[in-house]
Each structure stands twice: as C-alpha cells, then as structure tokens.
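Enquirer: Sharing a structure with you now.
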Amino acid sequence: MRRLAGSAAPLFLCLWVCLAIVPLAVGAAVSVLQRRGLHVVWSLTPAGYGELAESGRFGVVLHTALLAGLVSLVCLAAGLPLAVWLARSAKSAVLANIVWICLTAPFFLDPAARTLSLRLMLGAHGVVNAGLLALHVTRAPLDWLLFSDFAVFIGLVGPYFPNMVWPITLSVLLIDKALLEASADLGAGPWHSFRFTLLPLAMPGIIAGLVMTAIPALGDGVVPALLGGGRREYLADAVTSLSTSMNYTAAAALATVVMAVLCGLCLSGWLAWRRLSKS
Amino acid sequence: MDAAFRAAARLLLAAGFGITALIYAPVAWLALLSVSADPLSGWPGGFTTSWYASLSASLGWRAPMLRSLGIAGIVAILCVLAAVPPARAWPRMRRGRVSFAALILLPLGVPGIVLGLLVFTTWRVLFGVHMGAWSLVLSHFIWAYPFALISMLVVTLRTDPSLAEAARDLGAPPLRVLCDIELPALMPGIVGAGLFGFLLSFTELPRSIFTGGQVQTLPLYSFAQASAHSSQIKLIFCLNTLISLASLAAAAVLVVLLRRRTA
Amino acid sequence: MTSAARLRDAALLHAKNICLAHGTVAALDGVSLDVRAGELLTILGPSGSGKTSLLRVLAGLETPQTADALTIDGADMRAVPAHLRPTATVFQHYALFPHLTAGANVEYGLRVRGVPRAARRAQAERALALLRLADKYDRRIDQLSGGERQRVAFARALVTRPLLLLLDEPMGALDERLRATLEADIRALQQSQGMTIVQVTHSRDEALSMSDRIVVMHAGRVVQTGAPEDIFERPSTRFVAAFMGGGEPHRWPHRADRPAWRAHRLRRADLRRPVDRRTAAAPWPARLPRRARGSCPAWRGRLRRQSAGRRRAHAELPRHHAPD
Ligand SMILES: Nc1ncnc2c1ncn2[C@@H]1O[C@H](COP(=O)(O)OP(=O)(O)O)[C@@H](O)[C@H]1O
Ligand SMILES: [Mg+2]
C-alpha cells in the first residue's frame, strides 16, 4: 500500500501540474507572442499588452479589482463576527446549525437563476423599489438600484459571503478555548483578547477567506452580465469579448495582468501581516 | 474601548445575519415567482402550478440536467479518491506540506473565467484535447478539488493519529486499521469532499463556458436562457426552485455530518 | 493595595456557598473558602473532585449558579468579569499563546494594560530571569520543553502582580527533579514577594510539603480544612483518612526557616535511604527524616504550640526514633 502511494503521489502531482498549473504559465507565455490574424507566431512582442492599454482594459481590471476588494472587505467585516459567533458563542445549537446550513447551500445554488431573480427584485418596478416607495423613502423609483456598480456589488456580496465565513469559522474552531481564557485571566478585555489573541490565531482563515472571496468575485461573469447592464465593462466581459474575437494574445495578456495584480496583492498582504505580527 | 468594540461587533454580527438573509431573498423570490401566473413581471400573484406542469412536459432541460448529473457524479468520485490519500498522509508529512498546499490552492487564486480561458487555450492548443464532456470533468475537478481537500483536512487534522497507532499496536493489519478505524473517522470528510465535488461541478459556469465545447450543462443552459430572455425562463425558475430545495437538504446533511465531527 | 500593611491573618479571599453545575453534573456543591493574605493554600482532592472548577470560579472563568459571597480584598467579585479581577492563573495545561514568543507571552498581561514597550520588556526579562529562563526570551513556545513552558506560564502570571495567584496542578507534567525545584521556587517567591497563592493538586505529598493550609475536596464539596499536620494526623472523615494515608507512606519534610530547596535536597537524600523495617509500620511522625528532626527546632516549636493530642504525638517522637 505504501509503495502504491509512493508512485501514485508523483503521478497525481504531475497530472495536476499539467492540467492546472501549466495553463497559468502558458497564459504568461502566450501573452508576449505575436498575433497574426487568428494565428500565433513564435516571436516575442508586447503587442498584447499594448492592445489592452489601447482598449482601456487596464482600467477595467482596476475597476473590477476595486469592486471585488470592496466586496471582500464588506464580507470580512460582517463575516468575522458571524464566524466567531458560529465557532464560539452561539448559545443555541439549533440556530447555529441553521446558519451553517444557510451558509453552505449558496455554494450549490445556480448563479444564473439567483442573479436573474435579483434583477427582477431590483428593477424600477421591482419589489425593492415598490417597498421604498410604499415606505415613502423615495418619491420616484431609484434607478441606480439596477444596472450599476451597486447592483453588481449586491449581486456579489451574497454569493461570496459564505466563502469568507467558512474558512474563518474553521480556523476559529481550531483555536484552543483555553487560550482565550488565559487572555481574559491576564487582564485582556474583549477588544484586547480579539486584537492580540483571536485575530492573529485566526489569520490563516482570514487570509483564506479573503482569497476565496476576492478572487471569484473578481472573475465573476454572471453577475456583471445580468446586473451590470452593459454600460460598463467588467473583467469577465473583457475576457469573454477578447476570447470570442479570438484575440488570444490580448486575452492571455489580460489574464497575466490579473495574475500579476493578485500576486502583488498577496505579496503585499503577506508583508503587511509579517510587519503586523512582529510589532 | 471594550464597550465600543462590543457595540461594533454586535452591529457587524447583525450585518452578517443580514447578508445571510440577502443570499436567500432572491432564492425565496424565485420560489414565489415559480408558482405565479406571470413570473417575468417580477411580481408574484395568481397562484399556479402550470409552470411546473410544463417543466415536466418540456424536454429542453433534461439532456443538460442528466449530463450535469453525470459529470458532477464523476467529479465527486474523483475528488474523494484524490483527496483521501494526501489528507491521510498530511499529519505525517515532514517536508513539502507548504509547497503541496500552494500547488493545489494556486488555481483557486485565479478567477474562474480567466482560468477557463487559459485551460481552454492550453489543453486545446498544447495537448490537442477536444473540448467536451471529459474536458468539463477535468476543469470541474480542478475547481472542486481544493475544496474537497480542505474538507478532508479539517477532519484528518482533528482525528487523533494515536487511534490508528493503538489499533496497530493491538495487532490489526493495515487494511483492518483502514476499514475499522480510519474510514469511519474520515467519513464526514469523505461525504464533505464528495458533496463539494458534486455540487461545485453541478453549478460550475465560468470554466464551463470555455471547456464545454458543444456540450451543454445545466448552468450553461440556464445562463443561455437567462441572457436570451427566453420564454424558457419560467421553467428555469421552477427547476432552480427544486434544485435549491435539494441543495438545502444536501447542505443540511453535510453540515450535520461535519459538525458532529468538528464541534 | 497595601500588602505590607495588611495583617497576616486578614482574609484576602472570602467565598461562601458556591455551587457550579456543568449541565447536569454538579462540579461544586456549596463550597466555602477563605484565603488569608500571604498564605499558600492547597486545594487537595482526587481527580474530578472539582478543584479546577473552583479555581475557574475564583478566576472568573466560570459563572457559578449560586454564590452567597465572593470577595477578593473586600471587593465583591461576583459581577466582575475575568479580565478585571486581581487574579492570575497558571493553567493546568499552561495555555501559552502559540503565536507569541516566550517573552511576548510574559509581556501579554502588561501589553493589555498599556504598559510602554520598553518597561514591559524590562519587567518580562526580570520575571524570566527570576525563573532562570533569561536566555529563552525569543523562543517560540513549541521550542520549549515541558518544564520551561511551565515556568513561562508562571512568569506570565507573576508579572501582572496579582493579589491572588492561582495554580492549577502546576507540577502535573514535571519530573521529580523539576518538581522539587519548582516547589522551592514557588515557596521562595511566595515568601519573598508576600504573595497569596491558591494551589490545586491531587498529590498528597505535594500538598503536605509546601502548604500553609490544606483544603481537602471530594465530589464537589470541601470535606476538611486545616494545617497540613492537622489534616494528616486527624482526618475528619474516612475519605480523608484513606486519601491521606493510602499508598506510599509520607515522608514529612521539615518546614524550617532555611531555604526550601535545601529541605528538598534532604528529602531526596532521605528517599535513597533504605526503609527501616522497625519504623515502617509506625504512624507519622515516627518516620520523620532523621536529619530533619535534628535540625528543625522551628518545626518542633510549632508542634509544641499545638493541641494536647498533637503534643502526645510529639512526645512519641524520640521513642520511635531512638534506636534508628
Ligand atoms: N466542561 C465540563 N462539562 C461537563 N462536566 C464537567 C466540565 N468540566 C468539569 N466537569 C465535571 O465536573 C467535575 C469536576 O471537574 P474538575 O473541576 O475539572 O475536577 P478536578 O480538577 O478536581 O479534576 C468532574 O466530574 C467533571 O467531570
Ligand atoms: Mg483539574
């Protein structure tokens, strides 16, 4: 059995690298190749990036990244207390179980159908506007509720919220209860216990949550397509339009830019964390 | 300081509950619309089950549905088979933990639509694979496997390794140890990995757009109908209401199993 | 606080009728306890008797279902959360923060009190040096041995200068040597700093050798309270008698004014001596270590001051030991 495992592990890793890792490298490679018509020529050129700059797609990446960042920060702010509550202080096991189920199911809901339903709710004649009108919050239906950054934000926060809560809850569950008791015993109030004990110990979960929220939100195609309204291009729109026009070098360049931005974010986050944990 | 902190935490906790509710508002609305006379108006009213009747009569969604079920089943099995050995070995791994984890989690760090595009170009151009059912299975596997592995690891990291050692010490051969001690202990993780594999594949859209070729899965079908403002949308509402109910049930099973082991 | 000015016998901690239940399990069933300022009180009892639960109630980590009184230094503690109580605990399993170094662990209590960095570093270094860990300041917790962890936990609790130091089986995981050193350390610290200590143990020998007073617990109740000699010699119930007398006969260490570590050296030397058959069956204090007996006037004086029954025991002492 051990011998079997010994040979299966490298085989699996090779397959994994071929299937999942090589494409990432290929993207970076293709992005600097020259394109002639629909074909790719083996000579190096930054033309793909030039095309991106011309069509203003760096701005698209930046705008989508800001939106995804905002989404994940909101998810973190609301998800951290919920995760701590789920892992530590939920008085009622039944309620905690219900919340867990509610947070598990969204992984499995069809994104198109849910987003479509949200579109019907947010429209000028939708239930949200009707409710606001009935409560006399506004005089006329709010037109920025749908086909706007706001709509995309709302559409993204919900589905990716569980991605934040899950890993944080798991990491808080793994913290020994005795450590928080020791912290209180040493005179740390709720804030100090949180800042000096819980937060650093939950940091792996928080980082996992940020990655698992921000990155899918960045690349989500359904929500911008159905709620964005087409007035503004989002990252997924750019990827789709570049690839449907068979402009593979520019598409690969776009993918590489996204990866570079993400690597930069991860690196700076890691450095920030190291400085934070040192002080 | 502490009072302000407590107030802020309570406020944010309320926001957390609010966002949880926000996830379900569209789903509940969807369910309401699916039994309404005119779902596309966006308003419920005029209770009818006729859309469910025409759903059961209609044929368009069946082939994508069956295909999605099959693909999701295969992905689930692959996920379990590939997640159990590394998760079992993890606590005993001396070197390479971090690089292994980084390698597995790296694709999670790339937006699905970007990865779909890259995977499509690489497999198609470099490996000459034709896009179809198998490329869907593989791209879904790449998507679901990290989740499956994490759910296995949550269980193996909390399982006492001395249990297996005790069994071995009492004279059980390796296979008996596996069947009698380890598999029962790992069962929540196995169920979790399988469910993640199944349901993440079942609802996968951004990668499928690129790796599906001519093959249509259920999410591809729904997305096409939804973007085309098709008359089939009413049926999609019905279908998704049913799927939501099924996934809530599946989630309930998953949560109860995982919590029994971890809490 | 005015620890120097405090009378030695003033009650620092007063707890009355404390009941604590974990679900349906009653862990504490009407426990009352008084701790005098400056004393080392040992809570002794078999495993599961509620010792840890009692310490956790005192530290504020558990809320008892009833508590007629719980005061520390005259202040009612019943509504005071753990982080505002003037206590510090050395936990049974230490509960050291794995994400901090040994030094940062010791500094923790000062950091949350807003002590400036330089000052708290100096204090932490002093506390570590006191426990002979001066060179371990930058170690991560997982790079420390069991005994070192124990002493870091100790330093971490000490550095906040608690009115009441709570020790939960502080020597549970230590080997015999470390145990002896640490017993001496605790005693020395308590005497030099005038600290009040409540210590939990299930080890009879540990309790007898270092306490000023002993509280024996059984099944969530206090069954007897008194000086070590008192409890050992005149157990009030059959349970206490069995618990104090069972197993290996106790070798009474002398409780002299001399530094405690020398007492322990004597005791260990004594253990290596072959057991004297003639005295093996005799009750305490017949088996008092010879050298201790000879060099321990303070201890004898203490006995002499006590009751008539005790005096009889004292009178027996030379007789049993004469032919040794
Ligand atoms: N968290 C808990 N839940 C249920 N029962 C507990 C818990 N903690 C302690 N007990 C029970 O309370 C009793 C006293 O426990 P404890 O104070 O830990 O005993 P000791 O420290 O003397 O060994 C025991 O019977 C134990 O089983
Ligand atoms: Mg205990």
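Enquirer: Restrict the check to the stretch A:72-86 and report whether at least one residue is within 9 Å of another protein chain (Cβ to nearest Cβ) and polar (S, T, N, Q).
Expert: No, there is no match, as no residue in the stretch A:72-86 is within 9 Å of another protein chain (Cβ to nearest Cβ) and polar (S, T, N, Q).
A quick yes/no check of all residues on (1) in a helix (DSSP H, G or I); (2) free of Cβ contacts under 8 Å to residues at least 60 places away in the same chain; (3) away from ligand 1 (no atom under 16 Å from the Cβ); (4) assigned by TED's automatic domain parsing to the domain that holds C:L208:
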site: C:A129; (1), (2), (3), (4): yes, yes, yes, yes
site: C:R149; (1), (2), (3), (4): yes, yes, yes, yes
site: C:P162; (1), (2), (3), (4): no, no, yes, yes
site: C:L167; (1), (2), (3), (4): no, no, no, yes
site: C:T181; (1), (2), (3), (4): yes, no, yes, yes
site: C:A184; (1), (2), (3), (4): yes, no, yes, yes
site: C:Q190; (1), (2), (3), (4): yes, no, yes, yes
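Enquirer: When both residues are 6+ apart or on different chains and their Cβ atoms are under 8 Å apart, which pairs have a first residue that lies in the stretch C:17-39 and is away from chain A (no Cβ under 14 Å) and at negative phi, and a second that is of a type in the set (D, E) and within 9 Å of ligand 1 (Cβ to nearest atom)?
Expert: Sorted first by the residue in the stretch C:17-39, then by its partner, the pairs are C:L20/C:E62.
Enquirer: Of these, A:L262, A:L199, which one is within 11 Å of another protein chain (Cβ to nearest Cβ), of a type in the set (A, V, I, L, M) and surrounded by fewer than 19 Cβ atoms within 10 Å (Cβ to Cβ)?
Expert: On the way: A:L262 fails: surrounded by fewer than 19 Cβ atoms within 10 Å (Cβ to Cβ).
Residue meeting the stated conditions: A:L199.
Enquirer: Quick check on the stretch A:133-150. Is at least one of its residues facing another protein chain (nearest Cβ under 9 Å), surrounded by fewer than 23 Cβ atoms within 10 Å (Cβ to Cβ) and either in contact (Cβ under 8 Å) with a residue 60 or more places away in the chain or more than 22 Å from B:I150 (Cβ to Cβ) (or both)?
Expert: Within the stretch A:133-150, not a single residue is facing another protein chain (nearest Cβ under 9 Å), surrounded by fewer than 23 Cβ atoms within 10 Å (Cβ to Cβ) and either in contact (Cβ under 8 Å) with a residue 60 or more places away in the chain or more than 22 Å from B:I150 (Cβ to Cβ) (or both).
Enquirer: To continue, here is another question. For the structure I just gave you, tell me whether A:V128 is farther than 30 Å from C:V106 by Cα and either open to solvent by 10 Å² or more (accessible area, probe 1.4 Å) or out of contact with any helix residue (DSSP H, G or I) (no Cβ under 9 Å at 6 or more places or on another chain) (or both). Please lay out each step first, then the result.
Expert: Numbers: farther than 30 Å from C:V106 by Cα: yes; either open to solvent by 10 Å² or more (accessible area, probe 1.4 Å) or out of contact with any helix residue (DSSP H, G or I) (no Cβ under 9 Å at 6 or more places or on another chain) (or both): yes.
Against the criterion (farther than 30 Å from C:V106 by Cα and either open to solvent by 10 Å² or more (accessible area, probe 1.4 Å) or out of contact with any helix residue (DSSP H, G or I) (no Cβ under 9 Å at 6 or more places or on another chain) (or both)), A:V128 qualifies.
Enquirer: Right, here's the next one. Can you name the condition, by its number, that C:S192 falls short on among (1) crowded, with 21+ Cβ neighbours inside 10 Å; (2) among the small types (G, A, S); (3) farther than 24 Å from C:H93 by Cβ?
Expert: Going through the list (1) crowded, with 21+ Cβ neighbours inside 10 Å; (2) among the small types (G, A, S); (3) farther than 24 Å from C:H93 by Cβ, C:S192 breaks only (1).
Enquirer: Go over the candidates A:V94, A:V71, A:V137, A:V157 one by one and state the one that is touching a helix residue (DSSP H, G or I) at 6+ places or on another chain (Cβ under 9 Å) and modelled with pLDDT under 85.
Expert: Details: A:V94 fails: touching a helix residue (DSSP H, G or I) at 6+ places or on another chain (Cβ under 9 Å); A:V71 fails: modelled with pLDDT under 85; A:V157 fails: modelled with pLDDT under 85.
Only one candidate passes the filter, namely A:V137.
Enquirer: Still on this structure, please answer the following. Would you check if there is a residue in the stretch B:74-91 being modelled with pLDDT under 80 and farther than 21 Å from B:L199 by Cβ? Break it down stepwise before answering.
Expert: Going residue by residue through the stretch B:74-91, those that are modelled with pLDDT under 80 are B:91.
Then keep just the ones that are farther than 21 Å from B:L199 by Cβ; that gives B:91.
There is at least one residue in the stretch B:74-91 that is modelled with pLDDT under 80 and farther than 21 Å from B:L199 by Cβ.
Enquirer: Enumerate the pairs (first residue in the stretch C:90-103 and assigned by TED's automatic domain parsing to the domain that holds C:K51 and of a type in the set (G, A, S); second residue anywhere and within 13 Å of ligand 2 (Cβ to nearest atom) and open to solvent by 20 Å² or more (accessible area, probe 1.4 Å)) with beta-carbon separation below 7 Å, excluding pairs fewer than 6 apart on the same chain, so at least 6 apart or on different chains.
Expert: Hits for this filter: C:A95/A:A178.
Enquirer: Return the residues of the stretch C:128-186 that are within 13 Å of the chain's Cα centre (by Cα) and within 16 Å of ligand 2 (Cβ to nearest atom); say none if nothing qualifies.
Expert: Scanning the stretch C:128-186 gives C:L166, C:L167, C:D168, C:E169, C:P170, C:M171, C:G172.
Enquirer: Let me confirm something: among B:V255, B:V191, B:V177, which residue is within 9 Å of chain A (Cβ to nearest Cβ) and modelled with pLDDT under 85? Let's see the steps before the verdict.
Expert: Working: B:V191 fails: within 9 Å of chain A (Cβ to nearest Cβ); B:V177 fails: within 9 Å of chain A (Cβ to nearest Cβ).
Just one listed residue meets the conditions, B:V255.
Enquirer: A further question follows. Given the conditions (1) touching an Asp or Glu at 6+ places or on another chain (Cβ under 7 Å); (2) away from ligand 2 (no atom under 16 Å from the Cβ); (3) open to solvent by less than 20 Å² (accessible area, probe 1.4 Å), and given that C:T101 satisfies all but one, which numbered condition is not satisfied?
Expert: (3)
Enquirer: For the stretch B:11-38, give me the residue count where each residue is in a helix (DSSP H, G or I) and more than 8 Å from chain A (Cβ to nearest Cβ).
Expert: Let us first name the residues in the stretch B:11-38 that are in a helix (DSSP H, G or I), namely B:11-34.
Going one step further and asking which of them are more than 8 Å from chain A (Cβ to nearest Cβ), we end up with B:11, B:14, B:21, B:28, B:31-32, B:34.
Qualifying residue count, the stretch B:11-38: 7.
Enquirer: Let me ask another. Hey, any hits in the stretch C:56-73 for a residue that's small (G, A, S), in contact with a Leu (Cβ under 7 Å, 6 or more places away or on another chain) and either within 13 Å of ligand 1 (Cβ to nearest atom) or on the phi > 0 side of the Ramachandran plot (or both)? Outline the logic, then answer.
Expert: Of the residues in the stretch C:56-73, the ones small (G, A, S) are C:59-60, C:67, C:69.
With in contact with a Leu (Cβ under 7 Å, 6 or more places away or on another chain) added as a condition, the list becomes C:59.
Still in the running and either within 13 Å of ligand 1 (Cβ to nearest atom) or on the phi > 0 side of the Ramachandran plot (or both): C:59.
The answer is yes, given that some residue of the stretch C:56-73 is small (G, A, S), in contact with a Leu (Cβ under 7 Å, 6 or more places away or on another chain) and either within 13 Å of ligand 1 (Cβ to nearest atom) or on the phi > 0 side of the Ramachandran plot (or both).
Enquirer: Same structure, new question: Only one of these conditions is not met by B:S99: (1) open to solvent by 70 Å² or more (accessible area, probe 1.4 Å); (2) more than 27 Å from A:T240 (Cβ to Cβ); (3) away from chain A (no Cβ under 14 Å). Which number is it?
Expert: Tallying (1) open to solvent by 70 Å² or more (accessible area, probe 1.4 Å); (2) more than 27 Å from A:T240 (Cβ to Cβ); (3) away from chain A (no Cβ under 14 Å), B:S99 fails exactly one: (3).
Enquirer: Moving on. Among the residues of the stretch C:131-147, write down those that are open to solvent by 40 Å² or more (accessible area, probe 1.4 Å), not in a helix (DSSP H, G or I) and not basic (K, R).
Expert: C:D138, C:S145
Enquirer: Follow-up. Which residue is farthest from C:R156 (Cα to Cα), if the candidates are limited to the stretch C:76-106 and must be in contact with a helix residue (DSSP H, G or I) (Cβ under 9 Å, 6 or more places away or on another chain) and of a type in the set (G, A, S)?
Expert: C:A82
Enquirer: Quick check on the stretch B:152-171: of everything there that is in a helix (DSSP H, G or I) and of a type outside the set (A, V, I, L, M), which residue is least open to solvent (accessible area, probe 1.4 Å)? Spell out how you get there, then give the answer.
Expert: Residues of the stretch B:152-171 that are in a helix (DSSP H, G or I), as a first pass: B:152-158, B:161-169.
With of a type outside the set (A, V, I, L, M) added as a condition, the list becomes B:156, B:158, B:161-162, B:165, B:168-169.
Details: B:T156: 11, B:R158: 94, B:P161: 83, B:S162: 51, B:E165: 106, B:R168: 131, B:D169: 127 Å².
Ranking the qualifying residues of the stretch B:152-171, first place goes to B:T156.
Enquirer: Name the one entry in B:V137, B:V114 that is under 23 Å from A:M212 (Cβ atoms), out of contact with any Gly (no Cβ under 6 Å at 6 or more places or on another chain), assigned to a helix (DSSP H, G or I) and open to solvent by less than 10 Å² (accessible area, probe 1.4 Å). Explain how you work it out, then say what you get.
Expert: Details: B:V114 fails: out of contact with any Gly (no Cβ under 6 Å at 6 or more places or on another chain).
Only one candidate passes the filter, namely B:V137.
Enquirer: Which of the residues that make up the stretch C:198-211 are open to solvent by 30 Å² or more (accessible area, probe 1.4 Å) and more than 16 Å from ligand 2 (Cβ to nearest atom)?
Expert: Answer for the stretch C:198-211, where residues must be open to solvent by 30 Å² or more (accessible area, probe 1.4 Å) and more than 16 Å from ligand 2 (Cβ to nearest atom): just C:D205.
Enquirer: Within the stretch B:172-189, is even one residue open to solvent by 20 Å² or more (accessible area, probe 1.4 Å) and assigned to a loop (DSSP other than H, G, I, E, B)?
Expert: So the first thing to find is which residues in the stretch B:172-189 are open to solvent by 20 Å² or more (accessible area, probe 1.4 Å), and the list is B:172-176, B:178-184, B:187.
Filter once more, so that each one left must be assigned to a loop (DSSP other than H, G, I, E, B): B:172-173.
Among the residues of the stretch B:172-189, at least one is open to solvent by 20 Å² or more (accessible area, probe 1.4 Å) and assigned to a loop (DSSP other than H, G, I, E, B), which makes the answer yes.
Enquirer: Check B:F47, B:F5 and return the single one that is over 22 Å from A:P159 (Cα atoms), more than 11 Å from chain A (Cβ to nearest Cβ), without any contact (Cβ under 8 Å) to a residue 40 or more places away in the chain and among the aromatic types (F, W, Y). Step through it out loud before you land on a result.
Expert: Values: B:F5 fails: more than 11 Å from chain A (Cβ to nearest Cβ).
None of the others qualify; the one that does is B:F47.
The values are calculated or read from the model by the stated rules, or taken from the named source; none is laboratory data. Keep in mind it's a predicted model, so treat the numbers as computed, not measured. Neighbour counts run over all protein chains shown; Cβ positions are idealised from the backbone, glycine included. Only protein heavy atoms, including side chains, enter the accessible area calculation; ligands, DNA and RNA are left aside. Shrake-Rupley method; radii C 1.70, N 1.55, O 1.52, S 1.80 Å.
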